[in-house]
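Some notes on the structure that comes next.
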Amino acid sequence: MTIFRPADENELKSVYEVFYQNELLDNPHLPLPGDIPPYLSHVLQTGMLYVAEEDGKILAFAGAITRGNISFLTDLFVWPTHQSGQLGKTLLRSVMPQDDLVHCTMSSSDPRALALYIRAGMRPQWPHFALRLEKPMYKRPQAPNVEIIEADPGDPSLVQWDAQISGRLRPVDHQFWVREERAVPVWFRRQGQTVGYGYVRLGAGTLSDPQACTLGPIGASTPEDAAACVLAAVHWAMQQAIVLLIDVPGPHPCLATLLERGFHIVSFDTFVSSAVTPFFDAQCYIASGGDLF
């Protein structure tokens, strides 16, 4: 008999193993899993993390965080030998019950996942591209007239800027990025006026790129400012790390420019949401990544 229940802190290793086994399907040459990603504990402590257990073994898990009226599905993974059953559907209902919240997530390229989310009321909005750059860009000019100023990690103004542009007030996530991912908060200014904000997360690598630097979230007032802020962040971050990662929504104006400057597409997901009107402008916002968006 399969039991669906909230996860415990001491089960995070087993939860992570389910994730790792799924990653191996796409890349059998992955390094060993290593330490448990700290975001799993963050989801457990500040959101919901449910598991499907059978005979003492965790077969699947799902996580979700709610910030304001937005509930974002952070994870939904099933042990490969138990996929195409009802585990994912039941776990999705556990962490995203029928309520008045906006439900959203990043759907993988697996058509079964996308179909599951669509049946749950989330509609495809746009593709979301995971980009990677390995070649240094030191000789690339910084975006014109955009200056980067390091911000105070505890600056409430930055949290408010993020809330306005991303559509969610989420101070606990800002604290997590700084505490666990060595995130450097920055302001983008043009001629003395603040036009955007962002994070350069020096300790937010992946299984494939554990030493990589991840950019995001990055938000700006207008699409024109958004493109300039991203390019300025890339220029600044390349002086801190050799490998850069950034997730870019399809409508964002920086996408083509980043590809022209040497980034390549590693993978792409589909952003799905139950909101009739998007709760953020995809031309002005770069997410923190698939884990917390």
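The values are calculated or read from the model by the stated rules, or taken from the named source; none is laboratory data. A quick note: this is a predicted structure, and the numbers were derived from the prediction, not measured. Counting neighbours? That spans all protein chains shown, and the Cβs are built from the backbone with ideal geometry, glycine included. Side chains are part of the model used for accessible areas, which takes the heavy atoms of the whole protein and leaves out ligands, DNA and RNA. Shrake-Rupley method; radii C 1.70, N 1.55, O 1.52, S 1.80 Å.
So the values come out like this:
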quantity	calculated
Spans of strands (runs of 3 or more DSSP E) in the range 141-237 with at least 3 residues farther than 30 Å from residue 30 by Cα, open to solvent by 50 Å² or more (accessible area, probe 1.4 Å) and not polar (S, T, N, Q)	147-150
Residues satisfying the stated conditions in the range 1-19, i.e. part of a helix (DSSP H, G or I) and either among the acidic types (Asp, Glu) or surrounded by 15 or more Cβ atoms within 10 Å (Cβ to Cβ) (or both)	9, 11, 12, 14, 15, 16, 17, 18, 19
Candidate set from the range 88-135 (those that are outside any helix (DSSP H, G or I) and β-branched (Val, Ile, Thr)); member that is farthest from residue 23 (Cα to Cα)	102
Hits in the range 189-233 - residues which are touching a residue at least 60 places away in the same chain (Cβ under 8 Å) and basic (Lys, Arg)	201
Pairs where the first residue, in the range 113-132, is farther than 28 Å from residue 253 by Cα and the second is surrounded by fewer than 18 Cβ atoms within 10 Å (Cβ to Cβ), C-beta under 6 Å, 6+ apart	121/274
Residue pairs meeting the criteria (Cβ under 6 Å; at least 6 apart or on separate chains; first of a type in the set (A, V, I, L, M), in the range 250-270; second open to solvent by 30 Å² or more (accessible area, probe 1.4 Å))	265/129; 266/132
Among the candidates 280, 293, residue that is open to solvent by less than 10 Å² (accessible area, probe 1.4 Å) and touching a residue at least 24 places away in the same chain (Cβ under 8 Å)	293
Yes/no for residue 267 being among the polar types (S, T, N, Q), within 15 Å of the chain's Cα centre (by Cα) and surrounded by fewer than 18 Cβ atoms within 10 Å (Cβ to Cβ)	yes
Any hit, the range 54-67, residues being at pLDDT 95 or above, in a helix (DSSP H, G or I) and not small (Gly, Ala, Ser)	no
